[in-house]
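The values are calculated or read from the model by the stated rules, or taken from the named source; none is laboratory data. It should be emphasised that the depicted structure is a prediction, and the values quoted were computed from it without experimental measurement. Using ideal geometry, Cβ is built from the backbone for each residue, glycine included, and neighbour counts are taken over all protein chains shown. These accessible areas exclude ligands, DNA and RNA; they are computed on the full protein's heavy atoms, side chains included. Shrake-Rupley method; radii C 1.70, N 1.55, O 1.52, S 1.80 Å.
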Amino acid sequence: ITADISTTYSNINLHYYGHAISVEFQNSVIETIPDILFDYMLNIRYLKAVNSSISTINMSFTKPLPLVYLNLATNKITNLSSFIFKKVPSLNEIYLSNNIIRTIYENAFYGLSELKKLDLSYNLIKELDQDLFKDLINLQVIILNGNNLQIIDDNLFSNCKKLIILELDNNDITYFNN
């Protein structure tokens, strides 16, 4: 299913798309991913909602989903709440670049042990809690370019034993804490 700026989810009869595995909203006016989407699409694995007006990530649906790919780049997201991805434990890739994320709350990435790639580039992030990535045991790539990071704590990536790419370009890093 693909929607563009002229389509809102109220125009789509989701009963017909129950077997869809991929949903894309591009250049749309949606402000949040509708919960109803997940009530009908229980097989969804790929969700891309880029260059839209999404300001809040709401994943409060009742059942866990087999989602492996989530791209919410170039939206208006300001923060990541605690346990926000709890119902999507099979996520492998998350793209949240080019938003206005200032705050990532403790346990935002709770339970994402399958996550391999995380892109948080070009946001307004100033600091990262030292336990933020503790559940990301399979993380291989993290992109933090273009934020306002100043301090990187030694323990920040201590559980990320498979990390092979760490991008920190265009930040204000003055100190790597021991």
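Filter segment 121-141 for residues that are closer than 16 Å to residue 171 by Cβ and touching a Ser or Thr at 6+ places or on another chain (Cβ under 7 Å) and give the result.
121, 122
Does residue 72 count as surrounded by 19 or more Cβ atoms within 10 Å (Cβ to Cβ) and within 19 Å of residue 115 (Cα to Cα)?
Considered against the rule, which asks whether it is surrounded by 19 or more Cβ atoms within 10 Å (Cβ to Cβ) and within 19 Å of residue 115 (Cα to Cα), residue 72 comes out as yes.
Residues 38, 83: which one is surrounded by 20 or more Cβ atoms within 10 Å (Cβ to Cβ), touching a residue at least 24 places away in the same chain (Cβ under 8 Å) and hydrophobic (A, V, I, L, M, F, W, C)?
38
Please list, ordered by first then second residue, the pairs with beta carbon atoms under 8 Å, 6 or more apart or interchain, first in segment 122-150 and assigned to a loop (DSSP other than H, G, I, E, B), second of a type in the set (Phe, Trp, Tyr) and crowded, with 20+ Cβ neighbours inside 10 Å.
132/109; 133/109; 135/109; 136/109; 139/133; 145/122; 146/122; 147/122
Within segment 120-165, count every residue that is aliphatic (A, V, I, L, M), closer than 19 Å to residue 108 by Cα and either open to solvent by 70 Å² or more (accessible area, probe 1.4 Å) or in contact with a His (Cβ under 6 Å, 6 or more places away or on another chain) (or both).
Here the count works out to 1.
Could you please give the count of residues in segment 98-118 that are buried (at least 20 other Cβ atoms within 10 Å of the Cβ) and either under 19 Å from residue 55 (Cβ atoms) or among the charged types (D, E, K, R) (or both)?
Of the residues in that region, 4 qualify.
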